[in-house]
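The values are calculated or read from the model by the stated rules, or taken from the named source; none is laboratory data. Computed from a predicted structure; not experimentally measured. So basically every Cβ, Gly included, is an ideal-geometry build from the backbone, and we count neighbours across all protein chains shown.
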Amino acid sequence: MSLPNYEFLPAPLWLVTTLHLVTLTLHFVAMNFLLGGVIIVLHAAIRKRWDDPTLLKFGRLFPAAMAATVTLGVAPLLFLQVVYPKQVYSAAIVSGWFWLMVIAAVIIAYYALYRAAFKGERVGRVSKTALVVALLGLLYVSLVYSGVFSMAERPKLIHTLYAENQSGLLWNPALGDWFLRWLHMVLGAVTVGGFFVGMIGRNQPATYQTGKQYFVVGMVLASLAGMAYLLSLLPILPAFVHTPAIWALTVAILLSLGSLHFFFKRNFCVSGTMLFVSMLGMVYARHTVRLLKLAGQFDPAAWHVASQWGPFAMFLICFVIALAVLAYMFRLFFAANKGAA
Amino acid sequence: MNYPFWGVPIGYGILMAVIAVVHVFISHFAIGGGLYLVVTERRARRRNDPATLEFLEKLSRFFALVTLVTGALTGVGIWFIIGLLNPAATEVLIHNYVWGWATEWTFFVVEVAAALIYYYGWKRMTAAAHLMVGWIYFIFAWLSLVIINGIITFMLTPGRWLETGNFWDGFFNPTYWPSLVMRTGVCLMLAGLYALLVASRYEASDFKTRTVRYTATWGLAGLIVAALSQYWYWKAIPATITATAEKIMRTPMDALHYTIWLAVAIGVLLVVCLLLPRRLPMAVAVVLMVFGLAWFGSFESFRESIRKPYIITGYMYGNGVEVARTAQYKKDGYFAEIAYKSGDESADLFMHACRSCHTLDGYKPLKPAFDGTDKAFIAAIIRSARLLRGNMPPFLGTAAEADKIADYLYQRIDHRPLAEICKEQGIDLGQKAYDVRCGNCHIVGGYRDVSKSFVGLSADDLSGLLDMSASLGDGMPDYTGNATERVALVAYLQTLGKQVKK
């Protein structure tokens, strides 16, 4: 009896890639709100920039933001593993302990956010300690993700590291690969966090101003880090500028600036949409970098495709139902809140 | 063998269990607890029972914290850990069942949102809207079980998938339905046990009496469903697997027996709760909870261990070796297939062939099994791995590779004579020598018991048998022990023969 082959893609590559990029962007939105939000709120709480009720309002949002970040992070990880299992698992194994501790760090950060929210409700002020713990947890996760996913793009490095040590205690030594990438992500989170702080606090001048400052300063710093990261990719840069990703990146940068403009005009809907599309463009550009780094060692287009359209239809139908149910539940919840108000 | 090997000193089985047991416990509780909350809330609202509503609100806060944080994240943790421990099997699952997981993800998103809205909505939403969200939570939580159950059961009983490779053939496999019903029963039972724990903290009162009685009914109903469908589950597993387990696999059979005894104990305690609800002490509720955990842990241990020697039955062995590539391995050996090399061929072979299940001196240790033996004996055992008790995967590498693994192990074992290591002599030393040299394949009174063949044989006859041991059957090694062990072993074999006579 010939056994089934498992080395196939269950849908065309473009479909899996699209799902990966879109869900990853959604994850980034939630993650940026959370990470950037925690940094800004913590900073504001330490410097006593806002009144306590506004800080507490943000504090109450963080557990839900964490839930959204985790939930929206599952899908892109899933789709990434379908196309790049050998790269991702191999890199994760070399840094096995760091990778596994991500779960512990997220659980600690999550409980710390709940503690901050519950304590805030109870005593009427923000628990800075809980927020610091949560922030450390989130920064750890972001560092490990940058380190492991950057390593996954360098199979030869994984081979070399593994030959040195098999304990799973190795960290990606290619600082240039992950540090600027990580820095850009964190500063980007501060930027998007600034947008959300300004939007949610639009009726409180101090909060809006703080959000604006973080949005602007964050964008400048994130752009500088992004530029430095781009320059660190010198060996693949010539190839990169000949891909559609360079246009995506250009449009993304322009849209970021546009989002700033509309933020100043307090048109948060347009500003937010531009920011989201800009992030999508950057995620696509980053995806192209991954392909260029893996060129000659792995080509995702080489996968044999054996589409499972029936199961895919099940996913699609359930996805639509889930969206409808989510909309229905939020309507119930917010309608009740409106009624209560 | 396409992946690096994570060389952690802790046994893979323990690492997996730590995360998986916590997750399966909380995730089942999350489903049953959701149903308990909404059904009980509906009942309380109809009866205009504010005490119960207050009890439920408290319950839902802890429920949300445990399920949304630890439950959800240990679920992600299972992904992380299986990718580290058995990336090859994870790759098989991900390629075949990505749309199953993606579908489960859509349910998970709704489940998480519903749990948050339900918790935050107690004081803000109308009763009808709150109940509606509660129902949505339960339905979507249960639907995620409907999906993940297909993937979990696929690993034990892939059914027709092995022939067709079809998603649905693997998904709706022979153990799918019994497992789904059983897990649904477990969900109800755990919800009942948890609510009993919370209720036990209340002072003796009418409220406590009716809550304990009502909640114990949940636990009992769940237990009955789970216990009956566990039998159905056992019957749905192909007879070849269960027969082998009964014959040579102690771990799953022990785990199965634990589930039976624990079910009886839980049942008895729940009946006591029904009869004496007013003063239910917290200690009893804690014991019930611990028993519930132990029951479920035992069942999961049974499910994982009865799959041996496979990680996916008939498709991939526990060490990630693909059944379809048997011929390739036999021809070229393992080493040629190992993608990530450490520079130490023997260590690489040991890691990929053995280390997924065995450590040297921790979890399922090999050192004590080989202490006092020699390279030739170890190599012979490795080559005959498929014959060992416990249902081991076959060794598909070359003879030279078996020698290299033997060499690796030999360098790490105790080289003193067995008598010195175990500080025994006479029959006791013989019994120890039997355990080490023979007991891996021949269990006295059990699997491949050969005691009968020693009946009436003299010491010289038995010594002669040891001399020709390699020719006595498939996989039998040469006897390579020293003279002291030989004398002791022969004496012990004689006692075995005499015991049969009696």
Test: residue B:440 is assigned by TED's automatic domain parsing to the domain that holds residue B:488, surrounded by 17 or more Cβ atoms within 10 Å (Cβ to Cβ) and touching a residue at least 60 places away in the same chain (Cβ under 8 Å): yes
Please go through the range B:402-435 and pick out each residue that is on the phi > 0 side of the Ramachandran plot and either outside any helix (DSSP H, G or I) or crowded, with 18+ Cβ neighbours inside 10 Å (or both). B:423
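Select, from A:88, A:102, A:82, the only residue that is out of contact with any Leu (no Cβ under 7 Å at 6 or more places or on another chain), touching a residue at least 40 places away in the same chain (Cβ under 8 Å) and assigned to a helix (DSSP H, G or I). Before you say what the answer is, go through the steps one by one.
Numbers: A:88 fails: out of contact with any Leu (no Cβ under 7 Å at 6 or more places or on another chain); A:82 fails: out of contact with any Leu (no Cβ under 7 Å at 6 or more places or on another chain).
Unique residue meeting the criteria: A:102.
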Within the range B:387-401, does at least one residue satisfy the condition of being in contact with a Phe, Trp or Tyr (Cβ under 8 Å, 6 or more places away or on another chain), closer than 30 Å to residue B:239 by Cα and charged (D, E, K, R)? yes
Filter the range A:135-181 down to the residues that are away from chain B (no Cβ under 11 Å) and of a type in the set (D, E, K, R) and list them by number. A:153, A:154, A:156, A:177, A:181
Could you grab me the full set of residues in the range B:278-308 that are surrounded by fewer than 21 Cβ atoms within 10 Å (Cβ to Cβ), under 18 Å from the mean Cα position of the chain (by Cα) and not in a helix (DSSP H, G or I)? B:307
Quick check on my filter: what residues within the range B:389-400 are surrounded by fewer than 19 Cβ atoms within 10 Å (Cβ to Cβ) and of a type in the set (A, V, I, L, M, F, W, C)? B:399, B:400
Residues that are modelled with pLDDT of 95 or more, in a helix (DSSP H, G or I) and of a type in the set (Asp, Glu): does the range B:239-253 have at least one? no
Looking only at residues that are within 10 Å of another protein chain (Cβ to nearest Cβ) and under 30 Å from residue A:150 (Cβ atoms) in the range A:106-133, which one is nearest to the chain's Cα centre (by Cα)? A:106
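Restricting attention to the range A:1-28, and to residues there that are within 14 Å of chain B (Cβ to nearest Cβ) and under 30 Å from residue A:206 (Cα atoms), which single residue is farthest from the chain's Cα centre (by Cα)? Give the derivation first.
Taking the range A:1-28 first, the residues within 14 Å of chain B (Cβ to nearest Cβ) are A:1-13, A:15-20, A:22-24, A:26-27.
Next, only the ones that are under 30 Å from residue A:206 (Cα atoms) stay: A:26-27.
Values: A:26: 8, A:27: 5 Å.
Going through the qualifying residues, I end up with A:26.
On the given criteria, is residue B:313 of a type in the set (S, T, N, Q) and under 14 Å from residue B:156 (Cβ atoms)? Write out each step before concluding.
On the way: of a type in the set (S, T, N, Q): yes; under 14 Å from residue B:156 (Cβ atoms): yes.
Yes: the conditions hold for residue B:313.
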Within the range A:50-104, residues being at the interface with another protein chain (Cβ under 8 Å from one of its Cβ atoms) and among the basic types (Lys, Arg) number 1
Checked the range B:108-121 for anything within 7 Å of chain A (Cβ to nearest Cβ), touching a Leu at 6+ places or on another chain (Cβ under 8 Å) and in contact (Cβ under 8 Å) with a residue 24 or more places away in the chain; matches are B:110, B:112, B:116
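Within the range A:317-335, is even one residue small (Gly, Ala, Ser), crowded, with 17+ Cβ neighbours inside 10 Å and without any contact (Cβ under 8 Å) to a residue 40 or more places away in the chain?
Of all residues in the range A:317-335, those small (Gly, Ala, Ser) come to A:322, A:324, A:327, A:335.
Subsequent filtering for residues that are crowded, with 17+ Cβ neighbours inside 10 Å retains A:322.
Checking the rest, the ones that are also without any contact (Cβ under 8 Å) to a residue 40 or more places away in the chain come to A:322.
Within the range A:317-335, one or more residues are small (Gly, Ala, Ser), crowded, with 17+ Cβ neighbours inside 10 Å and without any contact (Cβ under 8 Å) to a residue 40 or more places away in the chain.
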Based on this model, can you work out whether residue B:479 counts as within 30 Å of the chain's Cα centre (by Cα) and of a type in the set (Phe, Trp, Tyr)? no
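May I ask you to verify whether residue B:141 is surrounded by fewer than 24 Cβ atoms within 10 Å (Cβ to Cβ) and more than 7 Å from chain A (Cβ to nearest Cβ)? Spell out the reasoning first.
Values: surrounded by fewer than 24 Cβ atoms within 10 Å (Cβ to Cβ): no; more than 7 Å from chain A (Cβ to nearest Cβ): yes.
Answer is no for this residue.
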Restricting the first residue to the range B:368-389 and requiring it to be in contact (Cβ under 8 Å) with a residue 12 or more places away in the chain, which pairs with a second residue that is basic (Lys, Arg) and assigned to a helix (DSSP H, G or I) meet a Cβ separation below 8 Å and a spacing of at least six or different chains? B:373/B:437; B:377/B:437; B:389/B:250
Please state which of the following conditions residue B:312 fails to meet, knowing it meets all the rest: (1) among the β-branched types (Val, Ile, Thr); (2) touching a residue at least 60 places away in the same chain (Cβ under 8 Å); (3) surrounded by fewer than 23 Cβ atoms within 10 Å (Cβ to Cβ). (3)
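Would you check if residue A:25 is of a type in the set (Ser, Thr, Tyr), touching a residue at least 60 places away in the same chain (Cβ under 8 Å), surrounded by fewer than 22 Cβ atoms within 10 Å (Cβ to Cβ) and closer than 23 Å to residue A:80 by Cα? Talk me through it step by step, then tell me what you get.
Details: of a type in the set (Ser, Thr, Tyr): yes; touching a residue at least 60 places away in the same chain (Cβ under 8 Å): yes; surrounded by fewer than 22 Cβ atoms within 10 Å (Cβ to Cβ): yes; closer than 23 Å to residue A:80 by Cα: yes.
In short, yes.
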From the list B:304, B:322, which residue is within 14 Å of another protein chain (Cβ to nearest Cβ), at negative phi and among the charged types (D, E, K, R)? B:322
Conditions (1) free of Cβ contacts under 8 Å to residues at least 60 places away in the same chain; (2) assigned to a helix (DSSP H, G or I); (3) small (Gly, Ala, Ser): number failed by residue A:37: (1)
Matching residues, the range B:30-78, being within 11 Å of chain A (Cβ to nearest Cβ) and more than 24 Å from residue A:62 (Cβ to Cβ): B:78
